[in-house]
Amino acid sequence: KLPPPHVSQKRFVVGHTPQADGEILDLGHVVCIDTFCCGSGWLTALDVSGNGSWQADRGGHLRFRPED
């Protein structure tokens, strides 16, 4: 079950729920950056100031994704 928005209306960032497709799960009020690095996915860093995310895979490939 996904948590509802917090009473503060702040967005929070979590992990520990692997996204096997390697994509960030962004529901607006909650963002999951567990992008399955332990498997075949990506290690993800999120710029919480709104500039996007950076990812690296086990092969050393990098990608930057600007925030929409």
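The values are calculated or read from the model by the stated rules, or taken from the named source; none is laboratory data. For clarity, every value in this text was computed on a predicted model and none was experimentally measured. Don't worry about glycine lacking a Cβ; one is built from the backbone with ideal geometry, like all the others, and counts go over all protein chains shown. Surface accessibility is based on the protein's heavy atoms, side chains included, excluding ligands, DNA and RNA. Shrake-Rupley method; radii C 1.70, N 1.55, O 1.52, S 1.80 Å.
Please specify each residue of segment 13-60 satisfying the condition of being farther than 16 Å from residue 2 by Cβ, β-branched (Val, Ile, Thr) and either touching a Lys or Arg at 6+ places or on another chain (Cβ under 6 Å) or outside any loop (DSSP other than H, G, I, E, B) (or both). Correct list: 44 only.
Just so you know, in segment 16-29 the residues that are of a type in the set (Gly, Ala, Ser) and open to solvent by 30 Å² or more (accessible area, probe 1.4 Å) include one that is nearest to residue 67 (Cα to Cα), and it is 28. Selection of segment 30-48 for residues being open to solvent by 40 Å² or more (accessible area, probe 1.4 Å) and more than 18 Å from residue 63 (Cβ to Cβ) yields 38, 48.
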